[in-house]
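Computed from the coordinates by the stated procedures, all read-outs in this text should not be read as laboratory data. Just so you know, these numbers come straight off a predicted model, no measurement behind them. Note that each Cβ is placed from the backbone with ideal geometry, even for glycine, and that neighbours are counted across all protein chains shown.
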Amino acid sequence: NEVKFIGFKFNSEGMSTDSDRVKAVQELSMPKNKTELQSLLGFVNYLRAFIPNYSEIISPLRDLLKRNIEFRWEKNHTDVVEKLKGLISERTKLANFDPNKPINLECDSSKDAIGFALFQDDQPVHYGSRSLTDCEQNWAQIEKEYLAITYACQKLHNYLFGHKSVTIFTDHSPLLAIHTKNFDKIKNNRLKNLKLKLLHYDFSLKYKPGKELYSADLLSRNIIPTRSSEPDSGDIIHSLCCNELVVSSEKMDLFVQETSKDPVLKHILEYYHSQWPNRHTLNQIGGDLVHFHNLRNDITVEGGLVYLNQRLVVPTSLRAMMVDLLHETHLGLEKCKAKARQLIYWPSINSQVENTISKCYVCQRFSRKNIKEQLINHDIPDTPFSKIGLDVAE
Ligand SMILES: [Zn+2]
């Protein structure tokens, strides 16, 4: 007998603030080192306008950050943090939601949790966070970041749905490219599923460096781990691609195996799930890694295979075989290249296709330009325009 709606709780006693709005703040754990403390203070500093005697209150914490001071967490530090949490969570410090004002929503993900903070006029309205499931913790960073946005949108559905001025901030710039891409260009099914859930909401996605995303960053980093249930895996899109590469499962296994052994692709598998090293390291490893690094925002990994947009990146050992397959029916050069553009990719694929076709015995033997047609004379007509000849030139 209680209804929660846009940050309020309605029951027989009347209206009160929904404590869910600040639950994420109340559940923040105590910092365990200087870095975590800095992150907490960054967040608190962002909200200092709502904290009376701000500098005075936080001074014991600031002392802990001083150079040459050992990080020793004492009871008085815990007291300060609890006090800050109380001040931040207090009803008066949270702005009430105004449907006529623009919404700024910050979302972030750490390695084991996601968090968000909704602001209007720079005032916090609603915080939220949850820990990632064991399965989600193994997701790639880009997937976790997109999950954070999806989670926030679903949690804040009543604020966001139908709202015309929503800006969502992420500190993961590759997401911007994914978000503006059409469904059929996204190969990664996880990202596709998440994007499907976001279709309900009208928002623009913007990049903000991590150090400016105080709230969401902190909420996703310092939450007390809780066991959350597995997220619903409904709405699975099996395929929205029109140009899927159709291959047998044996061939698929071969591709996965060769990809994991490929001197370049094996690194991409690794980087996709962690992080790309800097260019200097890439140059040292060599190969086409720098080339792929430039394309990294369009690269996804799915089922042990590397994709560039919707094109499968073929491991070196299978490239010759793939060109032969492309040219199996002796299609002309342009048609072969067009087919390749839809399905498969590797650096310099075009020249390899050209090379193979130019050496193809069957094509040379039977290509149309090699067939010499005999010239046939026609009779000279008696009057002008009694016979008209037409031809089409390329
Ligand atoms: Zn041929």
Flagged links, alpha-carbon separation over 25 Å, of Lys75/Lys211; Lys9/Lys101; Lys83/Lys111; Lys32/Lys197: Lys75/Lys211; Lys83/Lys111; Lys32/Lys197
Can you list residues whose amide H is under 5 Å from Phe169's amide H, if they're 5+ apart or on another chain and H is modeled 1.01 Å from N? Leu105, Glu106, Cys107, Lys206
Nearby aspartates and glutamates by direct alpha-carbon distance to Lys206 (threshold 19 angstrom, same-chain neighbours under 8 apart not counted): Glu106, Asp108, Asp121, Asp122, Glu143, Glu145, Asp171, Asp217, Asp298
Of the convex hull enclosing the alpha-carbon atoms of segment 60-145, the direction-averaged projected area in nm² is 8.6
Can you list, bin by bin at 20 Å, the percent of alpha carbon pairs in the chain, starting at 0? 22, 41, 23, 10, 4, 1
How large is the direction-averaged shadow of the alpha-carbon convex hull of segment 169-218, in nm²? 3.9
I'd like the antiparallel share, as a percent to the nearest 5, of DSSP beta bridges with both residues in the chain. 75
As a percent rounded to 5, the proportion of antiparallel DSSP bridges among beta bridges in segment 295-363 is 75
Once you order the gyration tensor axes a ≥ b ≥ c over the Cα atoms, which shape class does segment 79-226 get: rounded for a/c under 1.5, otherwise prolate or oblate by comparing a/b with b/c? oblate
Could you rank the peptides 137-144, 200-207, 149-156 by their average count of other C-beta atoms within 10 Å per residue, with the highest value first? 149-156, 137-144, 200-207
Checking rank on 109-116, 333-340, 298-305, with mean other Cβ inside 10 Å and highest first, the result is 109-116, 298-305, 333-340
